[in-house]
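The numbers here are math on the coordinates, done by the rules we state, and not lab data. Small disclaimer: the values here were computed from a predicted structure and weren't measured. Note that each Cβ is placed from the backbone with ideal geometry, even for glycine, and that neighbours are counted across all protein chains shown.
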């Protein structure tokens, strides 16, 4: 209760430095091309600090990907 989306992602990503660095910049701000979804709906990274997470929510994070 009271958990916001950005806090949840930081907590989980913080368990793996490489993963954290792919999602957040050196200031702890979401990288420009990160996509966050909550229950199948996209959440803008600018809104993730105000978006509450409920028990049972499905969260997906897609870090920047390169390739052709």
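Calculate the tail of P(r) for the chain: the fraction of all Cα-Cα distances greater than 19 Å, expressed in %. Within the chain, distances greater than 19 Å cover 27 percent of Cα pairs. In the chain, helices alone account for a calculated mean residue ellipticity at 222 nm of -6500 deg cm²/dmol, with every DSSP H run of four or more residues adding -39,500 (n - 2.57). The protection proxy used here, the mean number of other Cβ atoms lying within 10 Å of each residue, ranks peptides 3-13, 43-53 as follows, highest first: 3-13, 43-53.
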